[in-house]
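J.: Structure in structure tokens, see below.
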Amino acid sequence: MNTNLTKKISLQSLRLTFRFILPLVAALALLAFAIVPVVEKLIFYWFIRDMDVQSKFITGTIQEPIVELLQKGNATKINSLLMNAIKEERLYALGYCNREGKLVYRTKNFPRHLGCKLPGSDAGKPQSLLHLPQGPVHVAINSVEQYGNPAGSLVILQDMSFVERRSDDTKKYVVALFVVIAVVISVITVFIAHISWRGWMDGMRALLRGEGLIRPFSQPTTSELQPLVGDLRTLLRTFETERRFADDVTVSWTPEALRDLLRKQLAGERILVVSNREPYIHRRGKAGIEVNRPASGLVTAIEPVMRACSGIWIAHGSGSADRETVDRNDLVPVPPDHPEYTLRRIWLTKEEEIGYYYGFANEGLWPLCHIAHVRPIFRSNDWKHYVEINRRFAEAVVRESSTDDPVVLVQDYHFALLPKMIRKALPKATVITFWHIPWPNPESFGICPWREELLLGMLGSTILGFHTRLHCNNFLATVDRYLETRIEYESSTIHNRGKLTLVESYPISIQWPSPLHQKLPPPEVCRAEVQRSHGFDEEMMIGVGVDRLDYTKGILERLRAVERLLEIHPEMIGRFTFIQIAAPSRSSLEDYQSLDNQVRALATRINERFSTYSYQPICLKLEHHEPEVVNSYYRAADVCMVTSLHDGMNLVAKEFVAAREDEQGVLVLSQFTGAAQELHEALIVNPYHIEQTADALYRALTMPDYEQKERMRSMRSLVRDFNVYRWAGRMLIDASRIRQREKLAGRIGERYEG
Ligand code: F6P
């Protein structure tokens, strides 16, 4: 335990305690001083009353003998009667006055000046008190009667000095009592303050960890903090929002900014990325070993981040020459021509790949998460492989991690179980999971036989990212439906068995500026080249679609829209060609083979309908194209069609926008993509509505240049500002914030645990 910290906290605790006790003691002292005179007066009046009663008793006792002696006229005996009476300790003097009010008998010490009237009677205010040099005396004058008739009066003087003595004693007792009360209250206060301080610190720790943000108000452990939880929560959130906003507006997101962020906020942490698809695939080709870049939005997004941050990317080695190109630790530096980070390859047997990748991931989870009307298939054997491969990747993460608290970026639906496995092996790791595809509603997700296991696996993440808020909300609702956890919708956090997961939207993006910007010729040159290579004349308008050949991409709907365009606007026949680039994907699966057949058949049918000897409206290019080639098509096109039936984001839309430095070209974009939430200047369509899509296509082909410019300029500025560095940066900033909070909470914890 840090002793300095302990001392500081104890001092703080003492200071706080004294801040309360000193005013308390002062208040009690004031009270004591105010109350003593009141108590004194009260006691005094009690004694006066007591003496009045006493003097009546004395009168009653000596009334009879004195009347008898008066009748006998025996003055000596009367004097001796009075002298005997004052032997009583407190009786100071006695006097007898006759009926005429004349003092006729008195004891020796009876003050001569007193006579038969109460002191002060001349002044109109008779007093029962008389101050003599010996001290104060109480004076009472009681009438003496004979057979019911007044016979004179008895003047009784009682010593009152004992009253003063008693009053002094009482004062001492009252002050002592207040001192005792003050000490008792102080001890209780110190004790309660100490316990409360502990409670506060525990509560604050929980709050800093984020637990306080989601603990229901009835939870006893933070009871001391309960009245303030709301305020603290608001304060923290405001602070975080402001900080996030400040980061967003002040940081211009570049590779350097990202590197800087890692250096400053994550102490230069090397990040670990895990994905199924590898960024570079080595294949044995005719000319020896070739390197391919896969058609993958995930790779497009993560690759520039890894180049900026370095670190290790763990992925499935799927290329035919992958094993030949790694070292004995299965590592290969990439990019091959200018290495900036390390690729760690994981090997799968054919059977494992079929079960984990083709089976559970792509026949199960892929159709489960996309609303594309393809039924998911779940097999126990596929699940077994999925669990096993997740475990293998988790082991690789542990092996490649150089610290016990690495930052791990887990990518996509292939690794739903991985976060929990990493957390088990490395409890201090910061696991950021990004789900690149949509998340369905609870009912749809509920058909998965292993739904609970998948959800629990994902909740091992520190941060769980989706492209849109809608997907985050679907996820929260799914967890709410199937797991026993505490969810706080306001802060979008899930608390599961002492672990907190932040569910947040991070819309993915692309590199800006595009690395191809310098490499590729300007758009007009690309256009001329595409026209030349396809044998188009100069006036030919070009539409492009770029996808993996996947049933979620709406390729059939797109081709039908082209067909409809040519039906409604026959003037476009011979003037417009649509080029569909589609990289074969998951081709061993039946649904993908069937899609391939359908696309080819539809394109053939449309071409047969509208072709002339020198023209065909649809050009299918169903093969892999390297990014440079794809980009030159973007630059050459008048319109780019993205008509996904359901898509997490769709980076083709953003790549097209980024490629158009001439600010020309129109984007037709499905409303069912995440990109449609950001690129409002695209022509947004419902791809299921063929006429509407055909109309949008016509509008795009006839859109004036100035309108194209305005729309494209606005979309370009959005993609520039909200680029992939910002996507990664926002996640890493959130991660560093959570790490700092956990470290701070850990340090506060040491005070009590150490
Ligand atoms: O869309 C989800 C995703 O993982 C993308 O990130 C990527 O574009 C695509 O699927 C890759 O699919 P596969 O790796 O199966 O070819």
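The values are calculated or read from the model by the stated rules, or taken from the named source; none is laboratory data. Owing to the predicted nature of the structure, the values given are computational and were not obtained by experimental measurement. All Cβ positions, even for glycine, are placed from backbone atoms using ideal geometry, and neighbour counts span all protein chains on display. These accessible areas exclude ligands, DNA and RNA; they are computed on the full protein's heavy atoms, side chains included. Shrake-Rupley method; radii C 1.70, N 1.55, O 1.52, S 1.80 Å.
J.: When the residues of the range 356-379 are filtered to those that are touching a His at 6+ places or on another chain (Cβ under 6 Å) and farther than 24 Å from Val326 by Cβ, which remaining residue is modelled with the highest pLDDT?
T.: Ranking the qualifying residues of the range 356-379, first place goes to His370.
J.: Right, next: Going residue by residue through the range 673-694, is there one that turns out to be under 30 Å from Thr433 (Cα atoms), in a strand (DSSP E or B) and in contact (Cβ under 8 Å) with a residue 24 or more places away in the chain?
T.: Within the range 673-694 (the criterion being under 30 Å from Thr433 (Cα atoms), in a strand (DSSP E or B) and in contact (Cβ under 8 Å) with a residue 24 or more places away in the chain), the answer is yes, since at least one residue qualifies.
J.: While we're looking at this one, here's another question. How many residues does the range 273-294 contain that are open to solvent by 50 Å² or more (accessible area, probe 1.4 Å) and within 8 Å of the ligand (Cβ to nearest atom)?
T.: Looking only at that region, the number is 1.
J.: As an exercise: evaluate Glu395 against (1) among the acidic types (Asp, Glu); (2) within 16 Å of the ligand (Cβ to nearest atom); (3) open to solvent by 60 Å² or more (accessible area, probe 1.4 Å) and give the number of the one condition it does not meet.
T.: Result: Glu395 fails condition (2) only.
J.: I need the full set of residues from the range 419-453 which are closer than 25 Å to Val397 by Cβ and within 16 Å of the ligand (Cβ to nearest atom), in order please.
T.: Within the range 419-453, Ile432, Thr433, Phe434, Trp435, His436, Ile437, Trp439 meet the criteria.
J.: Right, something else. Could you check how many residues of the range 615-670 are more than 44 Å from the chain's Cα centre (by Cα) and of a type outside the set (A, V, I, L, M, F, W, C)?
T.: Residues in the range 615-670 being more than 44 Å from the chain's Cα centre (by Cα) and of a type outside the set (A, V, I, L, M, F, W, C): 8 in total.
J.: Quick one: which residue in Asp405, Asp382, Asp412 is surrounded by fewer than 23 Cβ atoms within 10 Å (Cβ to Cβ) and within 13 Å of the ligand (Cβ to nearest atom)?
T.: After ruling out the rest, the residue left standing is Asp412.
J.: Quick one: what pairs do we get from the range 298-316, first residue farther than 20 Å from Ile437 by Cα, second aromatic (Phe, Trp, Tyr) and within 9 Å of the ligand (Cβ to nearest atom), C-beta under 9 Å, 6+ apart or different chains?
T.: none
J.: Taking the condition of being among the hydroxyl-bearing types (Ser, Thr, Tyr) and within 15 Å of the ligand (Cβ to nearest atom), how many residues in the range 295-316 meet it?
T.: Counting residues in the range 295-316 that are among the hydroxyl-bearing types (Ser, Thr, Tyr) and within 15 Å of the ligand (Cβ to nearest atom) gives 2.
J.: Sticking with this one: Report yes if some residue within the range 359-370 is under 16 Å from Arg277 (Cα atoms) and away from the ligand (no atom under 16 Å from the Cβ); otherwise report no.
T.: No, that holds for no residue.
J.: A further question follows. Give me the residue from the range 334-353 that is free of Cβ contacts under 8 Å to residues at least 24 places away in the same chain and of a type outside the set (D, E, K, R) and, out of that set, most open to solvent (accessible area, probe 1.4 Å).
T.: So, considering only residues that are free of Cβ contacts under 8 Å to residues at least 24 places away in the same chain and of a type outside the set (D, E, K, R), the one most open to solvent (accessible area, probe 1.4 Å) is His338.
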